[in-house]
1. To check my understanding: the extent here is largest minus smallest coordinate of the Cα atoms along each principal axis. What are those three numbers for region 7-56, in Å, largest first?
2. Ranked highest first by the average count of other Cβ atoms within 10 Å around their residues, in what order do 20-31, 66-77 fall?
3. Report ³J(HN,Hα) in whole Hz for each residue of region 41-54, in order, from the Karplus equation J = 6.51 cos²θ - 1.76 cosθ + 1.60 where θ = phi - 60°; Gly and Pro get x.
4. State the Cα centre-to-centre distance between region 1-35 and region 36-76 in whole Å.
5. First check a/c for region 1-84, with a ≥ b ≥ c the square roots of the eigenvalues of its C-alpha gyration tensor; if it is under 1.5, answer rounded, and if not, answer prolate when a/b is larger than b/c or oblate otherwise.
Amino acid sequence: MSRIAGSLAALMAANTGAPLGDLRPQVAANAMIGVHRALVDYVRRRVLADDEPARLAADVRRLTTEAFGLLEHGLRDYAANPQDSPGIQPTRTS
């Protein structure tokens with residue numbers, strides 16, 4: 001994962017013209033890889049629980065949109081008041 005994040009960061013730096021030593025491409029790449037890892041773990045748990053594939057696919061699409069939305073809009077308000085925000089809630093399996 002570290003190599004993938006590094007390659008993604010280098011690509012992002014090249015595409016944005018980030019100056020040498022700019023940490024933002026690394027931060028952004030690692031955040032995106034973090035979403036990927038979280039989704040893979042989530043899918044693994046659901047598959048091992050023998051969940052229904054169509055429901056799983058719909059949940060993963062929704063969670064992916066919510067996760068990247070969290071990154072897009074920043075983490076500033078993520079934990080400000082957890083009771084006021086439902087956050088990214090996975091569908092519970094039976």
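Each value in this text was obtained by applying a stated rule to the coordinates, not by laboratory testing. Bear in mind that the values here come from a model prediction, so they are computed numbers and not experimental data. All Cβ positions, even for glycine, are placed from backbone atoms using ideal geometry, and neighbour counts span all protein chains on display.
1. Principal-axis extents of the Cα atoms in region 7-56, largest first: 47, 15, 13 Å.
2. 20-31, 66-77
3. 4, 4, 4, 4, 4, 5, 5, 5, 7, 6, 6, 5, x, 5
4. 22 Å
5. On the way: a/c = 2.81, a/b = 1.58, b/c = 1.78.
The shape class here is oblate.
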